[in-house]
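Input: a single structure, listed below in structure tokens.
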Amino acid sequence: MTRTVAIVGSGYMGGGIAQVLALSGARVALSDISEEVAQKSYQRLITESRDFVSAGLFPDGATETIEKNIFAAASVEAAVADADFIVEAVPEVLEIKNDILTRISTAAPADAIIGSNTSTISIGEMAKSVTNPERFLGVHFSNPSPFIPGVEIIPHTGTSDAVVATAQEIVHETGKETAVVKDVTGFVLNRLQYALFHEATQLVEEGVATPEDIDTLVRTTFGFRLPFFGPFAIADMAGLDVYNFCYKSLQTDFPERFATPKVLSDLVDAGKLGTKTGAGFLNVPADRTPELIAYRNKAYVAMQQLMKDLGPAPLN
Ligand SMILES: NC(=O)c1ccc[n+]([C@@H]2O[C@H](COP(=O)([O-])OP(=O)(O)OC[C@H]3O[C@@H](n4cnc5c(N)ncnc54)[C@H](O)[C@@H]3O)[C@@H](O)[C@H]2O)c1
């Protein structure tokens, strides 16, 4: 089945999302404030795709697929008229979002799914501008969307389960992974990203380390694990009793900021200490520990090789 997609807002994110969906075989109508702007974006995406193919970042034939599957629409209304999936990627300004969502939902088929790429605006708040809001949700691609493999899916309280499932299916067809999270301020991605940034800036302000040294530590120590294991897998592997103990040390100077999370002490009290007991946050069976350790070691050596091959980022 060929998906019929419309992108509203053909800028940085909308353009990348259009490329990603076109490469997965969808027919993509690209729209913006005018046909001329959409046409310019279309040309930009073709040029960019040629560069990506030359650099080995897109597969051979990608430019032809993008050229064939994307087209510049005359207007937002024309783009969404027969779409079954619409991605809104206009600027992060509530009034612009509300206005465009009203226009989209008036012109689109009543059951077309509408996903917003907002990073920070409440999905429930924006849903008020959408007719049939059960077909509306957040579909949050990260920058640069052609190359970041995860997409945060954010239903509001009125989004239907079927809409969530179809939105995930469409994203999975592009080869990306999804995670469904609740519609809270910052969602999950930005809550976590800013929690790390917040602590990092405090360390700089306290004169504990320079931004350069903090970045080095993040990249080469705990951050080095993150492409393979999230915080819960890492905690389970380290041992939840160890985490419990570390919290107590951190509380010496920061009793409130590093109060032991209840979910952690409950697991420790129940004897669920992570992979070594076969139960923790993720319940990895204890007999799979050798396999997990072998994977971990292989991943870290491959990661180190990749960093060596690429060389340092040109930051100075
Ligand atoms: N840039 C990022 O790193 C990033 C990452 C994740 C999410 N986002 C989110 O994606 C959305 C788009 O961001 P961006 O960086 O692509 O912005 P951008 O400025 O590159 O693109 C926005 C596009 O929307 C068009 N536009 C403006 N008003 C319009 C209207 N009324 N109708 C149709 N098109 C209109 C603009 O002409 C422009 O082409 C925002 O909600 C942003 O928060 C951005």
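The values are calculated or read from the model by the stated rules, or taken from the named source; none is laboratory data. Small disclaimer: the values here were computed from a predicted structure and weren't measured. As a convention, Cβ positions derive from the backbone with ideal geometry for all residues, glycine included, and neighbour counts pool all protein chains shown. Remember, those area values only see protein heavy atoms, side chains included, never the ligands or the DNA or RNA. Shrake-Rupley method; radii C 1.70, N 1.55, O 1.52, S 1.80 Å.
Quick check on region 46-63. Is at least one of its residues touching a strand residue (DSSP E or B) at 6+ places or on another chain (Cβ under 8 Å) and within 16 Å of the ligand (Cβ to nearest atom)? So that I can check it myself, show each step before the final result.
Taking region 46-63 first, the residues touching a strand residue (DSSP E or B) at 6+ places or on another chain (Cβ under 8 Å) are none.
No, region 46-63 has no match at all.
Where in region 208-316 are there helices (runs of 4 or more DSSP H), lying fully within it, with 2 or more residues that are more than 28 Å from Ile148 (Cα to Cα) and modelled with pLDDT under 95? Steps first, please.
Values: elements: 211-220, 222-225, 231-238, 240-250, 262-269, 289-310.
Here the list reads 289-310.
Just for strands (runs of 3 or more DSSP E) wholly inside region 1-109: which have at least 1 residues that are open to solvent by 70 Å² or more (accessible area, probe 1.4 Å) and modelled with pLDDT of 95 or more?
Numbers: elements: 4-8, 27-31, 70-72, 85-88.
Output list reads 27-31, 70-72.
Restricting the search to region 17-43, which residues are under 19 Å from the mean Cα position of the chain (by Cα) and closer than 19 Å to Lys97 by Cβ?
Ile17, Ala18
So which residues in region 67-94 are away from the ligand (no atom under 12 Å from the Cβ), farther than 22 Å from Gln168 by Cα and under 22 Å from the mean Cα position of the chain (by Cα), if there are any at all?
none
What pairs come out if I take residues in region 31-53 that are in the same structural domain as Ala108 (by TED's automatic domain parsing) and without any contact (Cβ under 8 Å) to a residue 12 or more places away in the chain and pair them with residues that are basic (Lys, Arg) and within 12 Å of the ligand (Cβ to nearest atom) whose C-beta lies under 9 Å away, six or more apart or interchain?
So the pair list comes out empty.
So, in region 282-294, how many residues would count as being within 15 Å of Gly230 (Cα to Cα) and surrounded by 14 or more Cβ atoms within 10 Å (Cβ to Cβ)?
Total meeting the criteria: 3.
Of all residues in region 193-207 being exposed (fewer than 11 other Cβ atoms within 10 Å of the Cβ) and part of a helix (DSSP H, G or I), which is nearest to the chain's Cα centre (by Cα)? Break it down stepwise before answering.
Narrowing region 193-207 to residues exposed (fewer than 11 other Cβ atoms within 10 Å of the Cβ): 198, 205-207.
Restricting the remaining residues to those that are part of a helix (DSSP H, G or I) gives 198, 205.
Values: His198: 20, Glu205: 29 Å.
Selected residue: His198.
Picking from Lys248, Lys176, Lys262, Lys182, which residue would you name as being touching a strand residue (DSSP E or B) at 6+ places or on another chain (Cβ under 8 Å), open to solvent by 50 Å² or more (accessible area, probe 1.4 Å) and not aliphatic (A, V, I, L, M)? Steps first, answer last, please.
Working: Lys248 fails: touching a strand residue (DSSP E or B) at 6+ places or on another chain (Cβ under 8 Å); Lys176 fails: open to solvent by 50 Å² or more (accessible area, probe 1.4 Å); Lys262 fails: touching a strand residue (DSSP E or B) at 6+ places or on another chain (Cβ under 8 Å).
It is Lys182.
Within region 105-137, work out how many residues are among the small types (Gly, Ala, Ser) and within 10 Å of the ligand (Cβ to nearest atom).
2
When residues of region 125-175 are filtered for being aliphatic (A, V, I, L, M) and either assigned to a loop (DSSP other than H, G, I, E, B) or more than 22 Å from Ala108 (Cα to Cα) (or both), how many remain?
Quick first cut of region 125-175, residues aliphatic (A, V, I, L, M) only: 126-127, 130, 137, 139, 148, 151, 153-154, 162-165, 167, 170-171.
Next cut, either assigned to a loop (DSSP other than H, G, I, E, B) or more than 22 Å from Ala108 (Cα to Cα) (or both) only: 130, 148, 151.
Counting residues in region 125-175 that are aliphatic (A, V, I, L, M) and either assigned to a loop (DSSP other than H, G, I, E, B) or more than 22 Å from Ala108 (Cα to Cα) (or both) gives 3.
Does at least one position in region 134-156 carry a residue that is open to solvent by 50 Å² or more (accessible area, probe 1.4 Å) and among the hydroxyl-bearing types (Ser, Thr, Tyr)?
No, region 134-156 contains no residue that is open to solvent by 50 Å² or more (accessible area, probe 1.4 Å) and among the hydroxyl-bearing types (Ser, Thr, Tyr).
If you check every pair at least six apart or on different chains, which have Cβ atoms under 9 Å apart with a residue in region 170-199 that is under 18 Å from Ile86 (Cα atoms) first and a residue that is of a type in the set (D, E, K, R) and open to solvent by 80 Å² or more (accessible area, probe 1.4 Å) second?
Val171/Glu177
From the list Ala235, Ala279, which one is in contact with a Phe, Trp or Tyr (Cβ under 6 Å, 6 or more places away or on another chain) and either of a type in the set (A, V, I, L, M) or open to solvent by less than 50 Å² (accessible area, probe 1.4 Å) (or both)? Show your work before the answer.
Numbers: Ala279 fails: in contact with a Phe, Trp or Tyr (Cβ under 6 Å, 6 or more places away or on another chain).
Checking each option against the conditions leaves just Ala235.
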